[in-house]
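All remarks here apply to the structure that follows.
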Amino acid sequence: MDVSEALARRRMTRSFSAQPIDGELLVRLARDALRSPTAGNARGIELLVLSGPDEVAQYFATTTDVAWRQRSARFAGLARASGVIVVLADPHTYVERYGAEDKAASGLGEDLSAWPVPYWIGDAGAATMSLLLSAESLGLGCCFLGAFRGTEDLVARFDIPDRFVVYGAILIGHPDGRDHRSASLDRAGPSRANRVHRGRFGSAGQA
Ligand SMILES: Cc1cc2nc3c(=O)[nH]c(=O)nc-3n(C[C@H](O)[C@H](O)[C@H](O)COP(=O)(O)O)c2cc1C
């Protein structure tokens, strides 16, 4: 499968089968995902690979509560994921890198507040997308979940150093084909064509 096909085929999977994925394969996918670029080659993105039912259950135990698990129609399908890859970004590594001699003129080595764009967040997204595409090319499914709840518990449970921002987590597994379409996909919104501008902003949608 080439990259454009993987891009076109990829969809978030929210219903996995119980078929396991070898933990070593998850580690290989994670290492490959870190081939994605980082600003100044700062490499402040790290991935925590959780594999197998016990570690996946611990991920959900820390990031969700009983009430949600009981009422969510999606929980059972999500919880059958074979692994979870937690995406971590260390802003301080970026400040340190941009404080080095070859980057000092940027002023970004001063402090986090000097950054008009938090490149560590973009780099976390790039690593995430690399992993989603690699998984797609192997016929595996993924779902990116935001870090909205239970982050403190997650960090404590898995000994994540507090210099990291938890960007989110990628569930990975074999799709069971029983996914129900996300309502988000049916929301009205601008087309891709209307979000590409050529030559000047406002020319979107023109051939
Ligand atoms: C930053 C980010 C956060 C997301 N958070 C969640 C989430 O917490 N739960 C979820 O089910 N999907 C989440 N999604 C998935 C989006 O809903 C999904 O990518 C979008 O609806 C488009 O669908 P597709 O990826 O299947 O094409 C997230 C996606 C991104 C990029």
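Side notes on the structure shown:
- Restricting attention to the stretch 8-18, the residues that are in contact (Cβ under 8 Å) with a residue 12 or more places away in the chain and either over 15 Å from the mean Cα position of the chain (by Cα) or away from the ligand (no atom under 16 Å from the Cβ) (or both) add up to 5.
- Of all the numbered requirements in (1) in a loop (DSSP other than H, G, I, E, B); (2) exposed (fewer than 12 other Cβ atoms within 10 Å of the Cβ), GLY205 misses one, and that requirement is (2).
- Cβ-Cβ under 6 Å pairs, at least 6 apart or on other chains, the stretch 19-45 side on the phi > 0 side of the Ramachandran plot, far side in a loop (DSSP other than H, G, I, E, B) and modelled with pLDDT of 95 or more: GLY40/LYS103
- Matching residues, the stretch 1-16, being surrounded by fewer than 16 Cβ atoms within 10 Å (Cβ to Cβ) and over 12 Å from MET129 (Cα atoms): MET1, ASP2, SER4, GLU5, ALA8, ARG9
- When the stretch 167-185 is limited to residues that are modelled with pLDDT of 95 or more and not in a loop (DSSP other than H, G, I, E, B), the one that is farthest from the chain's Cα centre (by Cα) turns out to be PRO175.
- Filter pass, ALA169 being within 12 Å of the ligand (Cβ to nearest atom), in contact (Cβ under 8 Å) with a residue 12 or more places away in the chain and among the aliphatic types (A, V, I, L, M): yes
- Within the stretch 133-161, residues that are in contact (Cβ under 8 Å) with a residue 24 or more places away in the chain and closer than 21 Å to ILE45 by Cβ reach partners that are within 16 Å of the ligand (Cβ to nearest atom) and assigned to a loop (DSSP other than H, G, I, E, B) with beta carbons closer than 6 Å, at six or more positions or on different chains, in the pairs GLU136/ARG10; CYS143/THR13; CYS143/ARG14.
- Some residue of the stretch 131-140 being touching a Ser or Thr at 6+ places or on another chain (Cβ under 6 Å) and more than 14 Å from the ligand (Cβ to nearest atom): no
- The residues in the stretch 15-71 that are closer than 23 Å to GLY146 by Cβ, of a type in the set (Ser, Thr, Tyr) and in a loop (DSSP other than H, G, I, E, B) can be counted, and the count is 4.
- Residues of the stretch 27-44 classified as more than 17 Å from VAL117 (Cα to Cα) and crowded, with 20+ Cβ neighbours inside 10 Å, total: 3
The values are calculated or read from the model by the stated rules, or taken from the named source; none is laboratory data. Quick caveat, the model's predicted, so the values are computed rather than measured. Virtual Cβ from ideal backbone geometry, glycine too; neighbours counted across all protein chains shown.
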